[in-house]
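Trainee: Let me give you the structure first, and then I'll get to my questions.
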Amino acid sequence: MRRPLFPYTRHAPVDARRRRRESGATLVEFAYAFALVFLPLAFSVFTLGRAVFAWNGLSNAAFEGARTAAVNQSESAIDERVMSQAVSLGIDPVNVSVTFADADGMGRICTGGTSVALGCTATVTASHALPIPIVGTITISGTASAPVERTCPDPNSNPVLTNGSCLR
């Protein structure tokens with residue numbers, strides 16, 4: 001037979017009283033643990049998902065803008081293409097940057113507009129300010145480059161082109 005640890009005390013009534021007194025303590029402890037651990041973790045996962053969604057959308061929009069810039073150097077056409085690809089983010093033309101550069105140093109004229117030479121590199125960057133509660137706002141951007149494949153003539157001097165578009 002097993003000997004009690006404290007033979008001169010009565011455990012049964014004390015344990016029953018303690019259990020009655022602490023009957024809701026587990027629920028309260030779970031509520032604290034849930035609020036302090038799980039909710040911030042879930043918030044972080046959702047915020048990371050929003051950031052990845054924004055980055056993916058901006059990268060795709062920048063790619064489409066660079067592809068448009070490769071055949072049509074009109075900045076308004078490039079901005080329009082980028083904004084049409086990132087509708088869910090609601091970016092403005094102010095958040096779209098287009099640059100033309102001589103990537104290999106061959107002395108090409110890459111100033112943008114109608115004086116862009118073949119072989120220049122068009123780089124399009126689209127950015128978006130993503131608001132995050134408590135933390136503030138972070139800026140996410142997507143960048144893409146493409147070589148200029150065809151120069152777009154001035155739409156005002158060429159009567160064949162309509163609506164100022166150079167895409168065929």
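The values are calculated or read from the model by the stated rules, or taken from the named source; none is laboratory data. Just so you know, these numbers come straight off a predicted model, no measurement behind them. Heads up, the Cβs are rebuilt from the backbone with ideal geometry, glycines too, and the neighbour counts pull from every protein chain shown.
Trainee: Restricted to region 78-120, and to residues that are among the hydroxyl-bearing types (Ser, Thr, Tyr) and at pLDDT 90 or above, which residue is surrounded by the fewest Cβ atoms within 10 Å (Cβ to Cβ)? Even if it seems obvious, please write down each step before you answer.
Mentor: From region 78-120, those among the hydroxyl-bearing types (Ser, Thr, Tyr) are 84, 88, 97, 99, 111, 114-115; that's our starting set.
Subsequent filtering for residues that are at pLDDT 90 or above retains 84, 97.
On the way: SER84: 11, SER97: 18.
Within region 78-120, the match that is surrounded by the fewest Cβ atoms within 10 Å (Cβ to Cβ) is SER84.
Trainee: Could I ask something else about it? Starting from region 84-101, keep only residues that are among the small types (Gly, Ala, Ser), then list their pairs with residues that are assigned to a loop (DSSP other than H, G, I, E, B) whose Cβ atoms are within a distance under 7 Å, requiring at least 6 positions of separation or different chains.
Mentor: ALA101/CYS110; ALA101/CYS120
Trainee: A further question follows. With respect to VAL14, is the statement that it is β-branched (Val, Ile, Thr), surrounded by fewer than 16 Cβ atoms within 10 Å (Cβ to Cβ) and at pLDDT below 85 true?
Mentor: Criteria met by VAL14.
Trainee: If you don't mind, another one. Could you tell me which numbered condition ALA31 fails, if it satisfies all but one of (1) modelled with pLDDT under 90; (2) touching a Pro at 6+ places or on another chain (Cβ under 8 Å); (3) of a type in the set (A, V, I, L, M, F, W, C); (4) over 20 Å from THR121 (Cβ atoms)?
Mentor: Every listed condition holds for ALA31 apart from (2).
Trainee: Now a separate question. Inside region 130-168, can you point out the residues that are surrounded by 15 or more Cβ atoms within 10 Å (Cβ to Cβ) and either modelled with pLDDT under 55 or closer than 20 Å to ASP92 by Cβ (or both)?
Mentor: Answer for region 130-168, where residues must be surrounded by 15 or more Cβ atoms within 10 Å (Cβ to Cβ) and either modelled with pLDDT under 55 or closer than 20 Å to ASP92 by Cβ (or both): LEU130, ILE140, SER141, GLY142, THR143, ALA144, PRO155, LEU161.
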